[in-house]
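Okay, structure first, notes after.
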Number of protein chains: 2
Amino acid sequence: MRREEAQPAGYRPLDVETVKAYVAGLSQLSGRLGGGEGQLTAREVGDGNLNLVFIVEGPTGSVVVKQALPYVRLVGDSWPLPLSRAFFEWNALTRQAAIMPQRLPQIFHFDETNALVVMEYLTPHVILRKELIAGKRFPHLAEHIGVFLAETLFRTSDFHMETAKKKSDVALFSDNVALCAITENLVFTDPYFDAPLNRWTKPGLDRAALALRSDRAVKIAAQEMLHAFTAKSEALVHGDLHTGSIMVTQEDSRVIDPEFAFYGPMGFDIGALIANLLLAYFSQEGHEAEAGGRDDYGEWLLRTTESVWRIFEARFRDLWRSERTGILYARSLFEDQGDLSGAEIALSRFLCGLFADTTGFAGAKMIRRLVGLAHVEDMEAIAEETRRAACEAKALAMGRELLVNRGRLSDICAVTSLARSIRREKGLS
Amino acid sequence: MRREEAQPAGYRPLDVETVKAYVAGLSQLSGRLGGGEGQLTAREVGDGNLNLVFIVEGPTGSVVVKQALPYVRLVGDSWPLPLSRAFFEWNALTRQAAIMPQRLPQIFHFDETNALVVMEYLTPHVILRKELIAGKRFPHLAEHIGVFLAETLFRTSDFHMETAKKKSDVALFSDNVALCAITENLVFTDPYFDAPLNRWTKPGLDRAALALRSDRAVKIAAQEMLHAFTAKSEALVHGDLHTGSIMVTQEDSRVIDPEFAFYGPMGFDIGALIANLLLAYFSQEGHEAEAGGRDDYGEWLLRTTESVWRIFEARFRDLWRSERTGILYARSLFEDQGDLSGAEIALSRFLCGLFADTTGFAGAKMIRRLVGLAHVEDMEAIAEETRRAACEAKALAMGRELLVNRGRLSDICAVTSLARSIRREKGLS
């Protein structure tokens with residue numbers, strides 16, 4: 001039986017009362033919380049689409065309890081979703097923590113039966129997406145996440161990882177079928193036909209949304225990216241690395257919620273982040289109090305987009321040179337024969353392909369947030385529908401270009417230049 | 001514990017005596033063999049690199065018993081190799097048999113503990129490679145194998161297979177680490193540095209063999225194909241589809257020995273077969289009794305190479321149109337919207353990439369048979385070393401071009417034209 005078909009017999013969803021008893025029963029937390037069940041307070045704060053999230057506080061400290069529900073919270077129990085996603089999240093967290101613990105919440109406890117993870121309560125951290133809507137800047141964000149991407153993707157790939165371990169991990173995460181299926185359907189397929197759960201700002205986005213269905217180039221491109229998603233097992237990807245999966249302060253950034261993790265294409269994670277930064281960029285005119293009032297902030301978003309890729313690439317190049325211990329591009333073929341430039345050329349060729357994947361995935365991720373089931377608060381928060389549709393139409397045009405012209409955009413500056421150009425266009429909505 | 005780390009406690013290698021008792025004990029075979037242990041005869045005929053192979057004959061019929069040894073037979077017990085390869089072979093055989101039983105030996109029994117499979121004794125079938133060396137023609141070969149490739153690759157891919165089943169199979173075959181490692185090392189890496197097991201015809205091939213190590217383009221190309229091998233899980237591939245893995249008569253063709261099976265790139269199987277047909281082609285001058293005596297046969301080999309691809313492609317196109325039930329390129333995006341041409345364009349784009357992979361893998365497979373550990377009888381049977389080296393040098397040049405220029409060869413005729421051209425070149429050795 002596949003793991004995700006099994007719903008453990010002892011599973012019991014917690015509530016704000018039972019979660020206190022549960023946490024009080026974990027002896028490893030008593031020092032942190034500083035009190036027994038009677039001294040704990042709990043609240044449920046889950047605002048995502050899938051899970052219960054509790055904050056449990058004691059006299060001296062606090063923890064988060066994240067518990068999977070057997071269905072999609074956003075939709076209800078008509079859409080069942082296996083509890084095993086907590087197992088995959090925990091497995092992803094432990095692997096990421098072995099590489100970059102400083103970019104994650106600390107993990108205290110995993111309970112497979114109850115499909116829950118107990119972890120550090122990040123405070124005063126706030127979800128990045130909310131801060132971007134508020135127009136706040138984070139000077140270390142691109143550095144933190146660019147390095148995190150390079151480290152986690154490189155070190156779980158055949159560039160670095162021992163091949164038997166990587167194949168064993170590919171097998172383990174292959175079982176994360178249901179969460180991959182969400183992406184396979186909602187990101188790559190549903191936006192391009194009359195899927196029941198699609199929605200968009202009406203009537204402003206009608207024309208652009210419906211045009212996707214007869215846009216052969218974009219449909220084929222989306223399916224080519226889907227094929228890469230299903231059959232390019234390059235590295236352990238987070239699988240849902242949007243700006244709602246990053247918590248920030250001015251000094252710190254942490255990546256949360258890797259329940260969609262599996263061995264997939266590296267560009268999927270980088271593309272997801274870039275897509276969400278660009279969605280934030282195209283939402284700016286919806287948030288400004290006076291015309292042009294958020295132009296500077298838009299430029300900061302584009303600079304951050306550029307920096308994410310550049311910092312990713314720089315760290316990836318360092319890792320390629322110093323930590324390339326896997327079976328790919330063995331040093332015996334290059335450096336050990338004095339052929340340093342051969343290894344550099346091979347690296348540049350790889351990065352060229354990765355950048356094409358990254359832009360393709362970024363395009364697909366933008367489009368699905370505009371005409372598919374799950375939208376982003378950056379746009380949803382724009383109350384006036386005409387204004388929102390105008391922002392969304394430009395973002396949709398950008399997504400299409402990234403998807404169709406992946407592999408033809410010379411570098412990350414070509415992407416940000418294109419974003420500026422599309423934002424200046426008139427009559428797109 | 002991974003399956004392949006486990007050597008079952010009860011494992012016992014058979015010999016020509018014990019194999020009779022073993023087979024006599026399988027009640028499902030008594031009707032076929034027509035007699036008990038005392039009426040059976042057995043002989044060991046394994047001529048491959050890895051396993052024991054017995055033919056057991058009774059009064060009315062016969063079977064083959066193929067048993068894995070815990071080491072590489074070609075090298076000896078200094079190179080251990082897990083018995084689990086029989087498990088993967090049996091799993092591949094059952095999956096292929098569900099698709100095209102007429103192209104396989106019938107399977108009677110699998111014994112995981114003893115790492116053996118009992119199957120149909122194919123008679124009067126002969127190993128294709130031996131027949132090609134003898135200059136024999138097989139009018140149905142390309143049709144049989146082209147269709148087999150299309151059917152097995154399409155139906156185990158995300159084009160057709162239910163996604164949960166495919167991911168579960170990816171996981172199962174991910175455990176076939178040791179056999180994948182043989183390919184990863186011997187095919188893609190060892191030929192390009194001073195690996196201890198490399199060998200080639202000396203001194204005739206010295207210059208060409210050593211030149212590979214400073215040939216940056218070929219080294220990078222080989223590693224790019226290795227990356228596709230390790231991280232492109234398109235379909236269940238046979239994994240070792242050379243002309244020694246096909247048994248033929250004038251009317252029939254059967255594919256045997258899929259112990260290297262795993263979810264990998266489709267082009268690996270097609271490329272392996274094309275590589276071995278081209279190796280046969282370049283060996284012709286070594287087998288001719290008088291100058292030009294095998295020229296016609298060489299042309300038959302090239303026509304067969306063309307037909308393999310063309311028949312593969314034609315059947316693949318049919319399957320794409322009629323059996324595309326997987327999650328890729330959903331009909332809801334194309335045919336169901338009246339966009340038949342969109343689906344056709346997507347298909348052609350996919351086949352274009354697959355052809356590039358096919359030629360790249362074909363090139364890598366040719367090279368490794370000339371300067372790596374395992375050579376082919378087509379060349380080895382050429383006794384005179386100067387003559388052999390001349391054939392091998394041309395084959396090596398062909399392999400290099402296929403590898404480096406994959407994606408730039410317009411179609412299969414460009415490949416066969418190139419082969420003719422290289423064969424006519426002087427001074428390549």
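The values are calculated or read from the model by the stated rules, or taken from the named source; none is laboratory data. Model, not experiment: these values are computed from the prediction. Note: ideal-geometry Cβ built from the backbone for every residue, glycine included; neighbour counts use all protein chains shown.
Points worth noting:
- Any hit, segment B:377-391, residues being assigned by TED's automatic domain parsing to the domain that holds B:Ala211, acidic (Asp, Glu) and under 21 Å from B:Arg420 (Cβ atoms): yes
- Restricting segment A:337-352 to residues that are facing another protein chain (nearest Cβ under 7 Å) and of a type outside the set (A, V, I, L, M), the residue that is surrounded by the fewest Cβ atoms within 10 Å (Cβ to Cβ): A:Arg349
- Scanning segment A:169-183 for residues that are more than 9 Å from chain B (Cβ to nearest Cβ) and β-branched (Val, Ile, Thr) returns A:Ile182, A:Thr183.
- Residues considered: A:Val63, A:Val53. Of these, the only one that is in contact with a His (Cβ under 9 Å, 6 or more places away or on another chain) and surrounded by 13 or more Cβ atoms within 10 Å (Cβ to Cβ) is A:Val63.
- Residues within segment A:370-390 that are assigned to a helix (DSSP H, G or I), crowded, with 21+ Cβ neighbours inside 10 Å and either aromatic (Phe, Trp, Tyr) or out of contact with any Asp or Glu (no Cβ under 6 Å at 6 or more places or on another chain) (or both), tallied: 5
Per-residue answers, yes or no, for (1) closer than 30 Å to B:Leu226 by Cβ; (2) at pLDDT below 95; (3) outside the structural domain of A:Val308 (by TED's automatic domain parsing); (4) among the hydroxyl-bearing types (Ser, Thr, Tyr):
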site	(1), (2), (3), (4)
A:Arg207	no, no, no, no
A:Asp215	no, no, no, no
A:Leu236	yes, no, no, no
A:Gly239	yes, no, no, no
A:Thr243	no, no, no, yes
A:Arg254	no, no, no, no
A:Pro258	yes, no, no, no
A:Gly264	yes, no, no, no
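- Evaluation of A:Gly146 against (1) closer than 29 Å to B:Ala231 by Cβ; (2) in contact with a strand residue (DSSP E or B) (Cβ under 6 Å, 6 or more places away or on another chain) (one fails), failing number: (2)
- Inside segment B:21-45, residues that are surrounded by 14 or more Cβ atoms within 10 Å (Cβ to Cβ), within 30 Å of the chain's Cα centre (by Cα) and without any contact (Cβ under 8 Å) to a residue 12 or more places away in the chain make up a count of 0.
- For segment A:66-83, the set of residues classified as surrounded by 20 or more Cβ atoms within 10 Å (Cβ to Cβ) and not in a strand (DSSP E or B) consists of A:Leu81, A:Pro82, A:Leu83, listed by residue number.
- Search result, residues across segment A:98-111 that are in contact (Cβ under 8 Å) with a residue 60 or more places away in the chain and surrounded by fewer than 17 Cβ atoms within 10 Å (Cβ to Cβ): A:His109
- Here is the figure for segment B:208-235: residues that are assigned to a loop (DSSP other than H, G, I, E, B) and among the small types (Gly, Ala, Ser) total 1.
- Put simply, of A:Ala231, A:Ala275, A:Ala291 the only residue that is more than 14 Å from chain B (Cβ to nearest Cβ), of a type in the set (A, V, I, L, M, F, W, C) and surrounded by fewer than 24 Cβ atoms within 10 Å (Cβ to Cβ) is A:Ala291.
- Going through (1) part of a loop (DSSP other than H, G, I, E, B); (2) over 24 Å from B:Arg103 (Cα atoms); (3) among the hydrophobic types (A, V, I, L, M, F, W, C) one by one, B:Phe260 falls short only on (2).
- Residue count for segment B:395-408, restricted to those that are surrounded by fewer than 23 Cβ atoms within 10 Å (Cβ to Cβ) and either over 14 Å from B:Phe188 (Cα atoms) or of a type in the set (Ser, Thr, Tyr) (or both): 5
- Selected residue (criterion: nearest to the chain's Cα centre (by Cα)) from residues of segment B:184-215 that are polar (S, T, N, Q) and within 11 Å of chain A (Cβ to nearest Cβ): B:Asn185
- When residues of segment B:70-123 are limited to those that are of a type in the set (Val, Ile, Thr) and modelled with pLDDT of 95 or more, the one farthest from B:Leu14 (Cα to Cα): B:Ile99
- The set of residues from segment A:288-310 being among the small types (Gly, Ala, Ser) and part of a helix (DSSP H, G or I) comprises A:Gly298, A:Ser307.
- Number of the exception - A:Ala115 against (1) away from chain B (no Cβ under 14 Å); (2) small (Gly, Ala, Ser); (3) under 28 Å from B:Gly264 (Cβ atoms): (3)
- So B:Glu143, is it surrounded by fewer than 22 Cβ atoms within 10 Å (Cβ to Cβ) and more than 26 Å from B:Trp320 (Cβ to Cβ): no
- Of all residues in segment B:380-398, those that are under 14 Å from B:Glu425 (Cβ atoms) and among the small types (Gly, Ala, Ser) total 4.
- The set of residues in segment B:311-369 that are within 18 Å of B:Thr156 (Cα to Cα), free of Cβ contacts under 8 Å to residues at least 12 places away in the same chain and not in a helix (DSSP H, G or I) contains only B:Ala330.
- With respect to the stated conditions, B:Ala356 is over 21 Å from B:His160 (Cα atoms), within 14 Å of chain A (Cβ to nearest Cβ) and surrounded by fewer than 22 Cβ atoms within 10 Å (Cβ to Cβ).
- Looking only at segment B:240-293, and only at residues there that are among the aromatic types (Phe, Trp, Tyr) and closer than 28 Å to B:Lys166 by Cα, the one that is farthest from the chain's Cα centre (by Cα): B:Tyr263
- Annotation: of all residues in segment B:152-168 being surrounded by fewer than 21 Cβ atoms within 10 Å (Cβ to Cβ) and in a helix (DSSP H, G or I), the one that is nearest to the other protein chains (Cβ to nearest Cβ) is B:Ala164.
- Pairing residues of segment A:294-310 that are assigned by TED's automatic domain parsing to the domain that holds A:Met266 with residues that are assigned to a helix (DSSP H, G or I) and modelled with pLDDT under 95, at Cβ distances under 8 Å and at least 6 apart in sequence or on separate chains, gives no pairs at all.
- Scope segment A:183-207; condition in a helix (DSSP H, G or I) and either buried (at least 23 other Cβ atoms within 10 Å of the Cβ) or among the hydroxyl-bearing types (Ser, Thr, Tyr) (or both); matching residues: A:Thr183, A:Pro191, A:Tyr192
- Residue match in segment A:239-247 (condition: under 25 Å from A:Ala68 (Cβ atoms), among the aliphatic types (A, V, I, L, M), touching a residue at least 40 places away in the same chain (Cβ under 8 Å) and surrounded by fewer than 24 Cβ atoms within 10 Å (Cβ to Cβ)): yes
- Residues in segment B:377-408 that are of a type in the set (D, E, K, R) and under 24 Å from B:Cys352 (Cα atoms) were compared, and the one that is farthest from the chain's Cα centre (by Cα) is B:Arg408.
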